[in-house]
1. Skipping prolines and chain starts, which residues have an amide H placed within reach, meaning under 5 Å, of the one on His305, given they are 5 or more residues away or on another chain?
2. In terms of modelled amide H atoms, which long-range or inter-chain residues lie less than 5 Å from the amide H of Thr478?
3. Apply the Kirkwood formula to the stretch 572-686: the hydrodynamic radius equals the inverse of the mean of 1/r over all pairs of different alpha-carbon atoms; give it in Å with one decimal.
4. For the stretch 1041-1047, take each phi angle, set θ = phi - 60°, evaluate the Karplus expression 6.51 cos²θ - 1.76 cosθ + 1.60, and give the result in whole Hz per residue in order, putting x for glycine and proline.
5. Positive end of the charge dipole of the chain (Lys, Arg +1 and Asp, Glu -1 on Cβ, about the Cα centre): tell me which of Leu157, Gly463, Thr1060 has its Cα farthest that way.
6. Could you put Thr110, Thr98, Thr910 in order, starting from the residue whose Cβ has the fewest other Cβ atoms within 10 Å?
7. Which ordering of Glu517, Glu959 is given by a fewest-first count of other beta-carbon atoms within 10 Å?
8. What order do you get for His323, His880 when you list them from fewest to most C-beta neighbours inside 10 Å?
Amino acid sequence: MHMKKKNVQHKRFKQAFNVLSTAVMLSGVLLPFAPKEANAAVVLRPQIVDGGWYHSLAVGADGKVYAWGGNAYGQLGSRGVDYQTTPVQVQGLSNVVTVAAGDEFSLAVTADGKVYAWGRNDYGQLGNGTTTYQTTPVQVQGLSNVVAVAAGDYHSLAVTADGKVYAWGWNDSGLLGDGTTINQTRPVQVQGLSNVVAVAAGRAHSLALTADGKVYAWGSNSAGQLGDGTTTFRTTPVQVQGLSNVVTVAAGDGFSLAVTSDGKVYAWGSNNAGQLGDGTTTFRTMPVQVQGLSNVVAVAAGDYHSLAVTSDGKVYAWGFNYHGQLGDGTTASRTTPVQVQGLSNVVAVAAGNAHSFAVTSDGKVYAWGWNLDGALGDGTATARTTPVLVSSLTANASLLASGNETPPALPASPVIRASLSEWTNQSVQVTIQYPDGATAKEYRINDGAWQAYAGPIVMTKNGVIEARAGNQAGMSETVRYAVSNIDKTAPTLTLSQDPVSATNGDVVVYASAADDESGVDVLKWASGSQPAGYFASNGTVVSGGRFVVQTNGVYTVYAKDKAGNETVNTITVSNIDKDAPAAPTFTASKTAPTSQPVAVTVQYPNDAVKKEYRLNGGAWQVYTEPIVMTKNGVIEARATDQAGNASVASYTVSNIQTIAVAQPVAHVLPDTLMFDAPQGTTVQVKLNGGEWQAYTGPITLPDGLYDVEAKAVDSEGNESQALRMSVTMYGEQLFRVQQLAETVVQQPTKENLASLTVAIQSLPDQAPEKEDLVEQLEQAKEILAQQRVEEAKTNPNKETIQAAKEAVGVIQDETKKQQWMNELQQVETSLQDRESNEEAMSVEALLAKKAIERAERYPANALLTYAYQKVAAVPLADPHLPMLQEALARVQAQYDAREANNGNSSQALTRANALVKALEKAYSSALLSQAQKAVNALSDGENKDLLQARIDQAVRAQEAARVQAQMENAAKAVAQAEALRTKSMVERAEELVKALPDGQVKQALQARLSALRSAQDPAVAKAVEAIQLAKRYPTVGVFYKRAVDAIQQVQDVEKRKELTDLLNTK
């Protein structure tokens, strides 16, 4: 629980400054002097005092170390406690000569020059080679002959007897002075220093004082705390500029202090709270003199405040004072030194982060400022703005020089009493009771000069009285009494009202009384202008800082504080107005019966700031011009004045006569609107919310949606109820669709039909023309279906049949659909039979067939010529050649008929065509000669090429007929040989077969002859069978291999040769 509280306080303290606060102390402060008032034989107990962030240290004359305050990391040298509000002894240490307190860690130097450390160790600041916290002292490694130490935020410094400086711990910004920024868990020597006699450690910078009075600095320089005229960080020492003959130094959070041999104090670095003491808050990168100080012998630096001791034993402080660390009885920060109250004969000072210490010549330790975790050691955690005695250390009172005599006891402290403790506006009498045997009875007021007490003291104003008693042993502890109950200042009154503008309601008066001393005791109000005495028994108490008035007038407010001081103040309320303005009046343009609109003008009173009206109890609206009434009704007018009072008047319009007029009759055509007006009226029309226009005849409109209004108006201006309708004009669209329908019927295609279907669907649903257009669409579908069926019959293939089926499938006439589907089924069956025959065709015959079909599908000279060329490429022995020639002749006849119908034949072309036709019907050499001459005489072009191809085809047909006859003779001879089996017949058949051109027929006849010759040899028959299979499937290698193996089984060498030739003959 305590740790949580401490962390919260710590956070708030940091937020108060908006900076990282770090405790920086001058360690080992023991002043080498004695004030003039002190006995030279006095030995200080404790000798050394130092303050850290949350804890404090002291060294007794017996060489023991005492600690108090926070113990979160074991910085008190003990376990198991969070904090101590009074000093406790640090275990395990003796013969200690000096101590230093850092941020929750502690350092101590023993008489044999060794250094011990304990507490927090995040960065190795304990110097034992680890970063582990220690709750009891451990020896710092690698150091001997140490004469002084200093503790910063997280780093430590030590000076050895030979004038060298060592550093360890946190090294951000180079504050260890070893030329790096690397943290060190063991001491390293600071570079470039010698003959050092003192060191000081700030939060993130370090100082060293050499024997020749020069000061060196290193580490962070963000606020100019190194004093070299820059803000550059330094990882090795640089000399502070403008200083000489320095006798002591101190380092705070971002600032530095130095005392010169002539008793002056200089400061540099951060100055956000006035800690440089130069009367400003300006940061300084070089030393400036602290104002108002002289004969200074020592200084100490806290986080943001500074301390100085003068040679006459007084202490001065300046800088931040949030927790009272300046000891002047306030919490006001100071930019120049102020004297710490209640101290004298001071011989040493030390500063913690926000608390301060002083050691007096009689060995007492005083503390003031922040008391978090009991850092002041007075047994409490209460912050002090003036010094208090550190508990239990006072038991170590001074000893005589001989060291074996018991000194006389000091007198008891005086007792101060006041005549009044409650608040008063009169003087207060203070009486001081001194102990018996007191030889000195002194008092002083507000830190003034001490004076002898002669009787009661009359205090006419608040102040602090201090008293002390003395005897031969010395002076008692000073006691203080603060007279703070005198208040002679009357309270202040602040009055205001709401609203301040005119209102017809009540006014709230706000009354605020303030008294910074005793506080407000009574707050009343009354009507009229009243004196203060009136409120002794009259008036109304102001509750919640306000009261309500309902009428205009003067009101008095009375305040009295707890000391009896009185104040009265008045406020005048004049903005209440609860009287309504005069009622509005009306003027109508017509009061006699009329069928025309009536304009009503409203007159409002002069004090009306808001003029409104409404019709027939509707919503109120602003009146700006006369109200035009088109029918009878009630007008209400309302006038409202500045205060919000309103008056209402009404006027009834009842003279407008309504005459019934019939509505016009509308006729809507695709692109035209027409209206019939009732007898004795005219028609007015409004389109799409526009202006009313007189109707003079049919209105032709572009396509689109229109909101149409029409009304009939008679000669008296009476109007019918408006005829309202939404109409769609589609005349332009209808014209385009009708044109498309005519085109589709004449040239039906699948794409046209789809476009027409979409176009018809886009017409408005109410369009009566849609029915006719749908009939036209169905007619076009039937025409296209019939054309596709005919095309499939004429040029049967998968594409034409599928296209025909698609066209037939969308028509509505089921009879026609069934008929055409049956016809397409027949065409498809015929096509499948033909395709089966095509599988047996040779490549040449199949190419010729495709060329003929293409020429038939797309009649053109070039395609017809190409078909002739492909037929000419078919071998004469091909059995399909006659069929191809017949098909080509049929296509040629169709082409000739088409050309004749188109009138494309000239006289020469006609004659050449007739000769070629004659040659095709009855071939002769004479006709061949005549036809060739006629074709040669034609001009070059497609017609000539086509006729030449036909001549070539006729010649080839003649040759084919000859070959056909030759094959028929050979086939007859082979059949006779097979029947008779005579040698002569076989030889004759072989001669005829041998003369045949190569081809399937020749191969088949040769196979039959081979089988005939080997009829008596089974091996030959088997070989012939294998050869036939190999020739039928020439691409299957296994059949060829089987034929070769079968031939090898034939014993007759000649027969094997014949069979081999037969196998290898294409």
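1. Phe320
2. Under 5 Å from the amide H of Thr478: no residue qualifies.
3. 17.5 Å
4. 5, 4, 5, 4, 5, 5, 4
5. The listed residue farthest towards the positive side: Thr1060.
6. On the way: Thr110 18, Thr98 24, Thr910 13.
Listing Thr110, Thr98, Thr910 from fewest to most nearby Cβ atoms yields Thr910, Thr110, Thr98.
7. Sorted ascending by nearby Cβ count, the order is Glu959, Glu517.
8. In order of increasing Cβ crowding within 10 Å: His880, His323.
Values quoted throughout were computed directly from the atomic coordinates according to the rules given, and no laboratory measurement underlies them. Note that this is a predicted model, so its numbers are computed, not measured. FYI the Cβ positions are ideal-geometry reconstructions off the backbone, even for glycines, and counts take in every protein chain you see.
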